[in-house]
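Beneath this line is the structure, given in structure tokens, with notes to follow.
The values are calculated or read from the model by the stated rules, or taken from the named source; none is laboratory data. No experiment lies behind these values; they were computed from the predicted model shown. Every residue, glycine among them, receives a Cβ derived from its backbone with ideal geometry; neighbour counts consider all protein chains shown. Keep in mind that these areas ignore ligands, DNA and RNA; they rest on the heavy atoms of the full protein, side chains included. Shrake-Rupley method; radii C 1.70, N 1.55, O 1.52, S 1.80 Å.
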Amino acid sequence: MPLPRKARAASPDPASRRPGVMRSIVRQHRRELPWIMALSFVVEATEMAVPVLVGFVIDAGIVQGNLTLTLGGAAGIVVMRLLSTWAWIVMFAAAQRARMFERHRLRVAVTGAVLDPRSTPVDRPAGEVLSIATSDADKASDVMDMIPWAFPAATVVLGAGVWLAILDPMLGLVTLIGILVMVVVIRVISPVLSARYDAQQSKAADAAATATDLVHGLRILQGLGVQARARSHYRRRSRIALDAALVNARFSGISGGLTTLVTAGMMAAVVIIAAQRTIAGALTVGTLIAVVGVARNNMGMLQGLSGLPVWWASMSTSARRVRDLLADFGRTIDDPELSLGHLRRARDDRGESRPGERRPGTGGLRLAQVRAGTLDGLDLEVPDGRVVAVACTDARDADAVIAAVSGRAEAGSVQLGDHAVTAENRFATRADLLVEPHVVDLFDGTLREQLATRAPSSVATDGTDDSWADAALHAAGAEDMLRILPEGYDTRILDRGANLSGGQRQRIALARAVASDAPVLVLHDPTTAVDAVTEQHIAEALVADRRREDRATLLVTRAPALLREADEVHLVRAGRVTAHGSHTELMDLEEYREMVQR
């Protein structure tokens, strides 16, 4: 049996001290960023230098009639353009690779935190988690698109302002005023946009959560005949998200309009002043052309820089949502166990130390003085070779038993052989202990793939030998599935078993649990969706399959057929075992008899 891993302490740090997602992204690429930004600087500086060179060629070559200088200048401009194009291609490819890598890393990290049993349980709708793991992860990674351009562009704009100031102080003053006004506009608008984006993303996540819930409960909604009401509910949520997006778009439009007005006014002022200086003879024609080209490039870069508040608000909001979700799971973006390298190497422990070796027994399952939820000092033992049932008069006690064996006991001891089952080591014990909840989900894939989800790696899951799957279906009373499904084991099961009935989904989930051949198997009400005849067949086949000397089975149920076949039944009332024995013996108790016959 694998030794329990060292408990991973959840981070108690306040939000301000949690590792930032965007800081983590930048740290991941600290080696590439300097040369990416250097290439970006070459690109932006070349864009600004070309008009200056054109003006020089006009003045010193064309006006002076110097053909050599004219041709040499033209060749120089072509070479500069080719160099700039090469630098842009290399820079853009590297920046986009980094951006796409970070999208992948953030998605995998969030998914890893969701799936890791050691993560702190969170009470968030599945749709919201999905929205953060996809949309927000994508937006946060855009920082690798912004940094390589924003800083070089800002540097080149300031350099152009210095050059204009050297040519004429008035040109430099106008440029400086335009930049200062732009900074003020950005400073005022950025906090508003950030808050608007936060609201927009939250409303979008609410709509996604509603859609997920409706799809999950589609069969129920159709059965109740309330599809129109469900559509109306989703329309309201979606409309709220739309209104938030429209409000945000209006603020973004105002921001863009103001910055365009400022940059256009600055360019017009620079061109008018330069034209006046040229007419007065203070500037040459070539210099005028250079100033106009530089001012035009300046306007384009400033308009791009003016979009940074919108860009930054989107990225920072999404990065904060990713960070907060990971914090709710008790994880951080820099958690080594959420790194791509670790998750790439991680493997589910199926229990074999060597291929083909069957997992040995653990010594059974024992609960001593357990308090979890409504349990009040529960004592229970499930030894190897036995099938033990627990019948709870209160459904909350049944849920508490499942929570306790899953490692969420508040007090007392839950032992799997010689090892304690706790919230911290659930990851290490899951090769020996499988807890199948009452509410089960099936995934998109063939019937064979469904059954092979937890099957030992020693069995052939490629279709060459399906004897293990036959045995699992038999134990779950689901042999008829091979006749019902058109392509047998190769029939595709839709997501959540949408093309199956409730009873069929439940039996396939039970067969999946049986196929795992777990040393200790815990089942919670595995037959509630089947008829009495099928339930009796399942009870007989399931108990026969699990009654082996190195396997222990705990059934948490009130189903008479399962209780009848169990080796021993424990009656739980008010959180304690009040009686135990065979089903026949306990039928003499009025309380037990009324419960199972209800």
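When Arg8, Arg27, Arg18 are screened for being closer than 30 Å to Thr120 by Cβ, modelled with pLDDT of 90 or more and open to solvent by 50 Å² or more (accessible area, probe 1.4 Å), only Arg27 passes. Look at the stretch 565-586: where a residue is closer than 17 Å to Asp384 by Cα and a partner is open to solvent by 70 Å² or more (accessible area, probe 1.4 Å), sitting 6+ places away or on another chain with Cβ atoms under 7 Å, you get Glu565/Glu540; Asp567/Arg386; Glu568/Arg386; Glu568/His580; Val569/His580; His570/His580.
Is it the case that some residue within the stretch 483-492 is among the aliphatic types (A, V, I, L, M) and under 19 Å from Val439 (Cβ atoms)? No, there is no match, as no residue in the stretch 483-492 is among the aliphatic types (A, V, I, L, M) and under 19 Å from Val439 (Cβ atoms).
Determine whether the stretch 44-63 contains at least one residue that is free of Cβ contacts under 8 Å to residues at least 60 places away in the same chain and open to solvent by less than 30 Å² (accessible area, probe 1.4 Å). The answer is yes, given that some residue of the stretch 44-63 is free of Cβ contacts under 8 Å to residues at least 60 places away in the same chain and open to solvent by less than 30 Å² (accessible area, probe 1.4 Å).
Kindly establish whether Trp163 is surrounded by 15 or more Cβ atoms within 10 Å (Cβ to Cβ), in a helix (DSSP H, G or I) and modelled with pLDDT of 90 or more.
On the way: surrounded by 15 or more Cβ atoms within 10 Å (Cβ to Cβ): yes; in a helix (DSSP H, G or I): yes; modelled with pLDDT of 90 or more: no.
No.
Look at the stretch 281-293: where a residue is surrounded by 21 or more Cβ atoms within 10 Å (Cβ to Cβ) and a partner is basic (Lys, Arg) and in a helix (DSSP H, G or I), sitting 6+ places away or on another chain with Cβ atoms under 7 Å, you get Leu283/Arg277.
Among the residues here, Arg97 qualifies as of a type in the set (D, E, K, R), closer than 30 Å to Ala154 by Cβ, part of a helix (DSSP H, G or I) and open to solvent by 40 Å² or more (accessible area, probe 1.4 Å). Against the conditions (1) under 26 Å from Ile402 (Cβ atoms); (2) within 27 Å of the chain's Cα centre (by Cα), Leu494 satisfies every one except (1).
Scanning the stretch 329-368 for residues that are farther than 21 Å from Ser135 by Cβ and basic (Lys, Arg), we see that the one that is modelled with the highest pLDDT is Arg366.
Identify, from the list Leu451, Leu447, Leu434, the residue that is aliphatic (A, V, I, L, M), modelled with pLDDT under 90 and surrounded by fewer than 21 Cβ atoms within 10 Å (Cβ to Cβ).
Numbers: Leu451 fails: surrounded by fewer than 21 Cβ atoms within 10 Å (Cβ to Cβ); Leu447 fails: surrounded by fewer than 21 Cβ atoms within 10 Å (Cβ to Cβ).
Exactly one residue qualifies, and that residue is Leu434.
Could you please find all residues in the stretch 372-413 being modelled with pLDDT under 90 and basic (Lys, Arg)? Within the stretch 372-413, Arg408 is the sole residue that qualifies.
Enumerate the strands (runs of 3 or more DSSP E) found wholly within the stretch 544-598, keeping only those where 1 or more residues are touching a strand residue (DSSP E or B) at 6+ places or on another chain (Cβ under 9 Å) and among the polar types (S, T, N, Q).
552-556, 576-581
Checked against the criterion of being more than 30 Å from Ala346 (Cα to Cα) and of a type outside the set (Val, Ile, Thr), the stretch 105-115 contains not a single residue that satisfies it.
Quick one: in the stretch 465-504, which of the residues that are of a type in the set (D, E, K, R) and in contact with an Asp or Glu (Cβ under 9 Å, 6 or more places away or on another chain) is farthest from Pro526 (Cα to Cα)? Reasoning before the result, please.
Here is the first cut: in the stretch 465-504, the residues of a type in the set (D, E, K, R) are 465-466, 470, 479-480, 483, 487, 490, 492, 495-496.
Remaining after also requiring in contact with an Asp or Glu (Cβ under 9 Å, 6 or more places away or on another chain): 470, 479, 492, 495-496.
Details: Asp470: 19, Glu479: 16, Arg492: 23, Asp495: 20, Arg496: 17 Å.
So, considering only residues that are of a type in the set (D, E, K, R) and in contact with an Asp or Glu (Cβ under 9 Å, 6 or more places away or on another chain), the one farthest from Pro526 (Cα to Cα) is Arg492.
Of all residues in the stretch 135-142, at least one satisfies being outside any helix (DSSP H, G or I), within 24 Å of the chain's Cα centre (by Cα) and under 25 Å from Arg345 (Cβ atoms). Only one of the numbered conditions (1) closer than 30 Å to Leu434 by Cβ; (2) at pLDDT 90 or above; (3) not in a helix (DSSP H, G or I) is violated by Leu326, and that is (3).
Here Ala398 meets each of (1) in contact (Cβ under 8 Å) with a residue 60 or more places away in the chain; (2) open to solvent by 40 Å² or more (accessible area, probe 1.4 Å); (3) in a helix (DSSP H, G or I) with one exception, condition (2). Per the listing Leu500, Leu510, Leu482, the residue uniquely among the hydrophobic types (A, V, I, L, M, F, W, C) and part of a loop (DSSP other than H, G, I, E, B) is Leu500. From the list Val122, Val78, Val114, Val90, which residue is more than 13 Å from the chain's Cα centre (by Cα), open to solvent by 20 Å² or more (accessible area, probe 1.4 Å) and under 25 Å from Asp441 (Cα atoms)? So the residue among Val122, Val78, Val114, Val90 that is more than 13 Å from the chain's Cα centre (by Cα), open to solvent by 20 Å² or more (accessible area, probe 1.4 Å) and under 25 Å from Asp441 (Cα atoms) is Val122.
For the residues Asp136, Asp145, the requirement of being open to solvent by 20 Å² or more (accessible area, probe 1.4 Å) and of a type in the set (Asp, Glu) singles out Asp145.
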